[in-house]
Every structure is written in structure tokens, then in C-alpha cells.
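Working notes, structure below.
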Ligand code: ADP
């Protein structure tokens, strides 16, 4: 019945003129036949319907013009005119009650043209209104689809009416339209026997209380087993009479953000630990020094003095690294641009570090003078990072080799050790901020995972390159290039 009513609704077919002549034709012919049956068969008076059917047809002209456009109205007019001639022929009118066939045809054609233009204008206006509404709907749909967050919209009974692609992508499921958040369960929700659809609770709460639910955070296990951190906000939508007519849920994937927060927390605890270690040693050696001062044992005093100096250097390096990272991040790391002999810097660095590395011999191959352009102090920082890493990560290796080699307009500087090495898989990651290679065994080497990141930033700013060649358990060679001064 509903379908039938929809079918005969004149506005429901606006603009759809594909079969516009069939329905008016069939309806009009049926109507004419029925009226003939009634006039001749039932009422037994051929005069009884006569011209009244023509007025009914005028109503039909209006209806079909609305329903099926101009074609529908035209079909109805033709049938009406034909039927009128048929009546004149069969009923043998003498012309008293009716005007002649030609006048009537003329009269009906004028009516048709008048009606068709009024209705055509009306139809155009309505078409335009409908088109505008459709455009607005499309516009809204485009916005919803392109928002960078997942969106689910339900009706007032929590039945899904609309969702965007981001919602599908984040949740990893296409929740079917019509799905009731209050009653239905998705098969996917049964994973591990716990509900996994995070939007459900905030949506239902928003509908139930009529108040928005803001920024609820959930851990969500997607079908592909990926664990996501999601932030969900839901809000009821009210109409002008303050009645709830819908609800919307906005889903944001905050997995990356949460991971950064976790890294920051890890970094803070690691940094405090790293700063505490040399401080504790410092305190210990100062106490020991005090005791030795009382006993006046000069030999031991010199030894403790050296340890205090070493630990102070370590602290200085750590604080320097922390400062450099924050400056890199805020773009405030300043660079001097001077010409200097890199071999001098290498020799100074090696001498300084050799003093603290009693178990290693640091060898320099090629002590020729090479003038490069850049920031002397920053390059020194890179060399300290690479050589102290070489010492740190070769606990059993005795030798470290520092080489310089001129290739075209560049100088390639390398630091080679014979230590623990780095697997192929890790080699691409060690230049990332805070990255440290961790084996299944507990990490035994101190550090913050910043040295190589800072070194890379410094070398890139000097228009150079930095890379590593390494084999697990055989040792590593770190290379970097600097443009030679002309
Ligand atoms: P860290 O303070 O941890 O040494 P770096 O940024 O200097 O930080 O180095 C990042 C990671 O790269 C280190 O944690 C270590 O796992 C690895 N690495 C660096 N240099 C070497 C090396 N010479 N041999 C082996 N592994 C190294």
C-alpha cells in the first residue's frame, strides 16, 4: 500500500519522465472505457457521463504534468480530445449543450498550454529547490567523508544511518547501516569474548542523557590484531523543539600520539637514570677524596681527581646532548661557518678520549692537513659521539681506527671498531631519535639514544652524509662526509 501511495504521489516522480506516457495513457483509456461501461451498461443512459469526464481529464492533465512532466500532460490532453470527438460521434450531439469539436479542441489546447506553462514553472521551481537540497546534502556528505576523523551517525534509536571511510579504516569493520548500537552485536565484537566497539558506550550515553560525552580513551583491538588507542567523543543532535533526533560519534586514532607520550616518559626515566649514575660516582669519589685528604695519601688523591674529572665530562656530554636535541627540535641549533683543519680536530678528540679509554688503542690513519668548511665545535661533537660509541660498543675489542680519505670534492671520515656490531635490520634505525638496539637480553650499555641522531642532524646541516657498515659480532664502521674547502 505504501509503495502504491508513493507511486501515485505526483511529487515523488518529478523529473522522472522515462516512461511518462505509459501511465497517463493506460489510466486515461481505462477511465474512458469505465465511463462507457457505466453509461451504456449500468446506467443505461449514454448521456450520463458525457462531458463531465472531460473535466475529470483536465484534473488528470494537471496531475500527470506534475507527475510525469510535459509528456504526461500532453498524452492526457490528446486522449481527452479524442474521447470528446468519440462522444460527439456516438451520442450524435446536435450542438445545443456543447460547442463544436474544433472550438472544444482549441479551448482544450489553450487550457493545456496554460496549465503546462504554469505547472512547468512550478515544476522548475520545485526541481531547483530539490536540486539545491540535494547539493547541500552532497556537500555535507563530501565534508563528512573527507574529515580526517572517523564519524558515525545514528538516529535517535541508536541505529546507524551514516558513517565515513575513516571510521571504517580505523575500526577495521564496515558497520552495516541500520545496525543498532543498543541491541545488535557484530560478529567481530566477540573477539576474546569482550566487546571491542569503543563507540557504543559514549553513543548510548549521549542519547540516554542528552549530553555530549567528550574525549573518552579506549584501547581497541582491531580484526588484524593491531592494538590502537582511540579517543571517542559523542554528542546528541537536537531539533528546534529540543527533541533528540540523532547522535554523532567522532573517533580519532591517537595511537601515534600515545606512543610519543610513552617514548617521552621512557626518555625521562632513562635520562634521570643516566644523569644519576655519574652524579653518584662523583659523590663517592669526593667522599673518598675527603678521607684520603685526612690521611694525606697523595697518590690516591690524584687517581680520585682523575675519576672526578671523567665523571664531570660524562655529565657535561649528557647535558650537551640534551641541549642539542632541544635546539634541533626548535630549529635553534646555531652553526658557525669557518674553514678549519679537520685533522687537528681529529687528533685533539682522539687524544682526549684515549686518556679515558685505557683498554683501547685509537689509531689515526692519514694525518694530512684537510681544510673543511663548517662548525668546528659541532664536528668535534660528531667525532666524540662516534669514537666514544666505538669504545663503548667494543668491550672486548682493543683497536679503534679513525681514517680520512679524499674522494672528489669531499672528505670521508670513518671510525672503525671491532665490537658487537649491528644487524642489517637495525642499521637503518639507529640514526632515529631515542633509538637504541635492544637485544632479548637486558641492555648493558648506558646511553640515551641521542648521539647518532644529533650527529646525523649536524652532518646533514653541513651538506654531508652519514652511514654505517657493520656485521653482527664483527664490528662497525661509521662514515661521514664533509665538503672540502676550495
Ligand atoms: P646511545 O646513547 O644509546 O649510544 P646513539 O644514538 O649514539 O645512542 O646510538 C644509538 C644506538 O646505536 C646505540 O644504542 C647502539 O645500540 C647502536 N650503536 C651505536 N654505535 C654503535 C657501535 N659502534 N657498535 C654497535 N652499536 C652501536
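The values are calculated or read from the model by the stated rules, or taken from the named source; none is laboratory data. Please read these numbers as outputs of a predicted model, since none were measured by experiment. A quick note on method: Cβ atoms are made from the backbone with ideal geometry, for glycine too, and the neighbour counts reach across all protein chains shown.
Scanning the range 319-334 for residues that are closer than 16 Å to residue 383 by Cβ and surrounded by fewer than 15 Cβ atoms within 10 Å (Cβ to Cβ) yields one hit, 320.
Would you call residue 375 more than 9 Å from the ligand (Cβ to nearest atom), modelled with pLDDT under 95 and more than 23 Å from residue 338 (Cα to Cα)? So residue 375 does not fit the description; no. Considering only residues in the range 335-359 that are out of contact with any helix residue (DSSP H, G or I) (no Cβ under 8 Å at 6 or more places or on another chain) and in a loop (DSSP other than H, G, I, E, B), the one that is surrounded by the most Cβ atoms within 10 Å (Cβ to Cβ) turns out to be 355. Give me the residue from the range 378-388 that is at pLDDT below 95 and within 9 Å of the ligand (Cβ to nearest atom) and, out of that set, surrounded by the fewest Cβ atoms within 10 Å (Cβ to Cβ). By that ranking, first place goes to 388.
Considering the range 434-484 alone, what residues qualify as being crowded, with 16+ Cβ neighbours inside 10 Å, more than 8 Å from the ligand (Cβ to nearest atom) and in a loop (DSSP other than H, G, I, E, B)? The answer is 462, 464.
Do we find that residue 419 is within 8 Å of the ligand (Cβ to nearest atom), over 34 Å from the mean Cα position of the chain (by Cα), over 28 Å from residue 322 (Cβ atoms) and modelled with pLDDT of 90 or more in this structure?
No: the conditions fail for residue 419.
From the list 256, 273, the one residue that fits, being within 14 Å of the ligand (Cβ to nearest atom) and either over 30 Å from residue 164 (Cβ atoms) or in a helix (DSSP H, G or I) (or both), is 273. Give just the number: which of (1) more than 29 Å from residue 336 (Cα to Cα); (2) near the ligand (Cβ under 9 Å from one of its atoms); (3) free of Cβ contacts under 8 Å to residues at least 60 places away in the same chain; (4) part of a loop (DSSP other than H, G, I, E, B) does residue 430 not satisfy? Every condition holds for residue 430 apart from (1).
Residues in the range 20-34 include at least one that is touching a helix residue (DSSP H, G or I) at 6+ places or on another chain (Cβ under 9 Å) and at pLDDT below 70. The condition (being more than 15 Å from the ligand (Cβ to nearest atom) and either without any contact (Cβ under 8 Å) to a residue 40 or more places away in the chain or in contact with a strand residue (DSSP E or B) (Cβ under 6 Å, 6 or more places away or on another chain) (or both)) is satisfied by just one residue among 399, 424, 408: 408.
With the structure loaded, tell me whether residue 252 is within 26 Å of residue 175 (Cα to Cα) and surrounded by 13 or more Cβ atoms within 10 Å (Cβ to Cβ) or whether it fails that test. Yes: the conditions hold for residue 252. Taken as a whole, the condition of being surrounded by 16 or more Cβ atoms within 10 Å (Cβ to Cβ), out of contact with any helix residue (DSSP H, G or I) (no Cβ under 9 Å at 6 or more places or on another chain) and farther than 30 Å from residue 444 by Cβ does not apply to residue 404.
Criterion applied to 153, 191, 173, 144 was being closer than 22 Å to residue 254 by Cβ, at pLDDT below 90 and in contact with a strand residue (DSSP E or B) (Cβ under 7 Å, 6 or more places away or on another chain), and the one residue passing it is 191.
Of the listed requirements (1) under 16 Å from residue 458 (Cα atoms); (2) part of a helix (DSSP H, G or I); (3) away from the ligand (no atom under 16 Å from the Cβ), residue 325 misses just one: (3).
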